[in-house]
1. HN-Hα J couplings of region 212-228 from phi, Karplus 6.51/-1.76/1.60, θ = phi - 60°, integer Hz, Gly and Pro as x?
2. To two decimal places, what compactness ratio does region 33-151 give when its Cα radius of gyration is scaled by 2.2 N^0.38 Å?
3. Just for the Cα atoms in region 155-326, what are the lengths along the principal axes, largest first, rounded to whole Å?
4. Note down the net charge around K260, summing +1 for each Lys or Arg and -1 for each Asp or Glu among other residues with Cβ under 13 Å from its Cβ.
5. Name the residue from P193, L231, F295 whose Cα lies farthest towards the positive end of the charge dipole of region 155-326, charges +1 on Cβ of Lys and Arg and -1 on Cβ of Asp and Glu.
6. Amide H to amide H under 5 Å from T130: which residues, 5+ apart in sequence or cross-chain, H placed 1.01 Å off N in plane?
7. What does the helix-only formula give at 222 nm for the chain: each DSSP H stretch with n ≥ 4 adding -39500 (n - 2.57), the total divided by the residues, and the result rounded to the nearest 500 deg cm²/dmol?
8. Check region 155-326 and count each lysine pair with an alpha-carbon distance under 27 angstrom, considering only pairs eight or more places apart or from different chains.
Amino acid sequence: MFMRESPKGEVELILKLAQGFGAGPPEVVAGIGDDCAVIDLGQGEAWLWTVDTLVEGVHFELSYMSPAQLGRKALAVNLSDIAAMGGEARYVLLSLGWPPERELAGAVALGEGLAQAGRDYGVSVIGGDTVASPGGVAVTITVLGRAPAVEIIRRGGAQVGDLIYVTGRLGEAAAGLAILQGRADIPAELAAPLLKAHLEPQPRLAAGRLLAQKRLATALIDLSDGVASDLRHLCRASGVGAVLRLEWIPISPGVVEVAKAINRDSLELALRGGEDYELMFTSAPKLRQPLLQAFAKIGIPPPIQIGEIIPGGDILVMTPAGEKKDLGVGYDHFLLDRGVVRD
């Protein structure tokens, strides 16, 4: 049965729901608590199943994003979940809520953007559902992927002493949103990659598969809600703590300029901004050179170390002067007053 107390925040809500749903059948290797559900097919194969929703006014505004861009992004953020478990995406379902007073041509354009993204990433859109929505556009994507069962990487494998890496620069999507909302005006050459990061995120499918195939990561998650939230999820699942080195956080000049324009610290954008859709993973120190060599061999940028796993449950940042303090919280869908930068 569901507990009657009102949960405070997204994590508590998920825990309450999980208690009510109960345990899954034996073939469900991973259910609530990872980026995808994992279903064991036998003979060494597993399905990866994920679903995500983008809601107008919460995750996007069509005043600065075209319907086609929305279709592409809706698929990309789901493919990022498949990447976060080292999988290969296969099939896609779309559930689209569309306001009946709006032109249906916009819905068709959204579908075209989704279909083109599917072709680009080698996945097939095979069906779904459409409904009238009185409260704005809502796009729900379900993706089914696969991976050899022994290769799947979950959030819960980080070990004390592991190094923490990300696959790219942080805070660019949040900075791009600030530009789109008219809160920051920076030179076009600095703005372009930030706008692309927000409007057209690139799921790191190749990096995820490489980490899985070569057994180079102990734990893996994608950065949808920002490092401050997602590192906490990874550490909670692994039963460990972490310390990040602030001088190691990869921040582009454009993010620095946007942060100045909106009177924010660039580290705040990088650690709490969300929607980067880079991968964050942990790896044993002895694998550092094989890790870098493996990325170079397939021609993708090397991962960037940002910290390490420590005993206990504290999530800390260390300043260049050696001072340590709590990282704090990141984005939470149901706690919107926590200083998060998605304003």
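Derivation of every value follows stated rules applied to the coordinates shown; laboratory data play no part. If you're wondering where the values come from, they're calculated on a predicted model, not measured in any experiment. With ideal geometry, Cβ positions are generated from the backbone for all residues, glycine too; neighbour counts draw on all protein chains shown.
1. Calculated HN-Hα couplings, in order: 6, 5, 8, 6, 9, 10, 9, 8, 8, 8, 9, 9, 8, 9, x, 4, 4 Hz.
2. Ratio of Rg to 2.2 N^0.38 Å for region 33-151: 1.11.
3. Principal-axis extents of region 155-326 (Cα, largest first): 44, 38, 25 Å.
4. Surrounding charge for K260 is -2.
5. F295
6. L96
7. -10500 deg cm²/dmol
8. Qualifying lysine pairs in region 155-326: 8.
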